[in-house]
Amino acid sequence: MKLAQVRLLVADFPRCYRFYRDVLALKPQFEAEDGPYAKFTAADDGAAGIALQDRTQMSQVLGELAAEPTGYRSLVVLRIDELDRYCEEITGRGAVLVHGPAPMTDHMRVAHLKDPAGNLVELQEWLVQSG
């Protein structure tokens, strides 16, 4: 078994697509700003990625899908090598941090933001322990 992706169901597909492509600078598998589906990765290594799916289309496929959830129902986590620099870059492209960058544990610093659909995104920087 191999994890292919984590898929987020979104109501405003074009806005979320631009957020992951333009603000977070993830690479889309193919250009599909109008949806109804897109997959993003951080590298060209074929690793698992984040995918977006239009909520309306998925509700038609399943025959049901509740209204957009309230509160956080998912957390997308991206590992970042230089957290402070990356946070400066993405805030310059329109991201709004809701927390951090700040220590989370002795081994990790984090920052949090929301995508246009309200999904929580955590940016992690792992700290090297000396000795």
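Bear in mind these aren't lab numbers, they're just calculated from the coordinates by the rules spelled out. The structure presented is a predicted model; accordingly, all values stated were derived computationally and were not measured. Glycine gets a Cβ as well: all are built from the backbone with ideal geometry, and neighbour counts include every protein chain shown.
For the chain, the longest principal axis of the alpha carbon atoms and the long axis of helix 83-92 meet at an angle near 50°. Relative contact order of the chain: what whole-number percent is it, with Cα pairs under 8 angstrom and at least 6 residues apart? Taking the mean separation of contacting Cα pairs over the length of the chain, I get 23 percent.
I need the calculated FRET efficiency for the pair GLU88 and LEU127, taking r as the beta carbon distance and R₀ as 25 Å, to the nearest 0.05.
The value I calculate is 0.85.
Positive end of the dipole of segment 5-126 (Cβ unit charges, origin at the Cα centre): among LEU24, VAL6, GLY92, the Cα lying farthest that way belongs to VAL6. Within the chain, the ratio Rg/Rh, alpha carbon atoms throughout and Rh by Kirkwood, equals 0.99.
Here the sum of -39500 (n - 2.57) over DSSP H runs of 4 or more residues, divided by the residues of the chain, equals -5000 deg cm²/dmol at 222 nm, to the nearest 500. Placing a pseudo-label 7 Å from each Cα along the Cα-to-Cβ vector at MET104 and ARG18 gives an inter-label distance of 2.9 nm.
Summing charges over neighbours of ARG93, with a neighbour being any other residue whose Cβ is under 11 Å away from its Cβ, gives -1 when K and R count +1 and D and E count -1.
Between SER74 and ALA47, the modelled labels are 1.8 nm apart [label points 7 Å from Cα along Cα→Cβ].
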